[in-house]
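Let me begin by presenting the structure, written as structure tokens, before commenting on it.
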Amino acid sequence: MRDILFLGHEAGQLLKERGEKIAVAETSAGGLIAACLLAQPGASAYFAGGAITYSARSIRGLVGISTDEMRERGIRSSSEPYAQWLAEAVRAKHGRIAWGLAETGASGPQGNPYGDPAGHTCLAVHGTVRLVRTLRTGSSDRVENMWAFTEAALALLVEALKTAPRWVSRDGPGVP
């Protein structure tokens, strides 16, 4: 637990220093990513909101992506293109903020309907840099995978925040 809380703290500090906000969409991490960011004192300075997009209904209702749209674009859940789209969509849903972070995968104990094994997830950060990664843990342990997905998502966010130029809105740096 210390690793994900440390990464949540580091990401929160970087966001505060940069004067930027983030929105999170996660599926198989089940809210742990948002929880780690929100566990930090002063999280309201950088956390705009989040969504657990675990079903087609929640994806449509919370971030505005429909399964019809996904089919039209030839994109499926638990893929890098979908993770990128989800990060972009959750960011857009929260107004003029700097960052979107998304996670989509199969925590287990079985894989998903697309043929990905348990322990597979795709992660994306959308902001002044865009990063995407796939992680395969090789494990079917649901809880272990949820923690691993959270750690990987927060590490990707920290990487982005350490290398990205600051976000500038029409109203100035970091202003939503």
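Return only the number of the condition from (1) over 23 Å from Trp147 (Cα atoms); (2) loosely packed, with under 15 Cβ neighbours inside 10 Å; (3) of a type outside the set (Gly, Ala, Ser); (4) free of Cβ contacts under 8 Å to residues at least 60 places away in the same chain that Pro109 does not satisfy. Going through (1) over 23 Å from Trp147 (Cα atoms); (2) loosely packed, with under 15 Cβ neighbours inside 10 Å; (3) of a type outside the set (Gly, Ala, Ser); (4) free of Cβ contacts under 8 Å to residues at least 60 places away in the same chain one by one, Pro109 breaks only (1). When Thr104 is tested against (1) within 26 Å of Gln13 (Cα to Cα); (2) out of contact with any strand residue (DSSP E or B) (no Cβ under 7 Å at 6 or more places or on another chain); (3) open to solvent by less than 50 Å² (accessible area, probe 1.4 Å), only condition (2) is not met.
Among the residues examined, Gly49 qualifies as in a strand (DSSP E or B), at pLDDT 95 or above and either surrounded by 16 or more Cβ atoms within 10 Å (Cβ to Cβ) or not β-branched (Val, Ile, Thr) (or both). For the stretch 61-75, the set of residues classified as open to solvent by 30 Å² or more (accessible area, probe 1.4 Å), assigned to a helix (DSSP H, G or I), in contact (Cβ under 8 Å) with a residue 24 or more places away in the chain and in contact with a helix residue (DSSP H, G or I) (Cβ under 7 Å, 6 or more places away or on another chain) is empty.
Scanning the stretch 22-36 for residues that are surrounded by fewer than 24 Cβ atoms within 10 Å (Cβ to Cβ) and closer than 18 Å to Lys93 by Cβ gives a single hit, Gly31. Of all residues in the stretch 11-21, those satisfying the criterion of being open to solvent by less than 40 Å² (accessible area, probe 1.4 Å) and either in a helix (DSSP H, G or I) or of a type in the set (D, E, K, R) (or both) are Ala11, Gly12, Leu14, Leu15, Arg18, Glu20. Of the residues that sit in the stretch 99-145 and are among the aliphatic types (A, V, I, L, M) and closer than 16 Å to Gly31 by Cα, which one is farthest from the chain's Cα centre (by Cα)? My answer is Val143.
Residues that are within 23 Å of Thr163 (Cβ to Cβ) and without any contact (Cβ under 8 Å) to a residue 12 or more places away in the chain are absent from the stretch 24-47.
The values are calculated or read from the model by the stated rules, or taken from the named source; none is laboratory data. Nothing here was measured: the structure is a model prediction, and the numbers come from that model. When we count neighbours, we look across all protein chains shown, and the Cβ atoms used for this are built from the backbone with ideal geometry, even at glycine. With ligands, DNA and RNA removed, areas are computed over all heavy atoms of the protein, side chains included. Shrake-Rupley method; radii C 1.70, N 1.55, O 1.52, S 1.80 Å.
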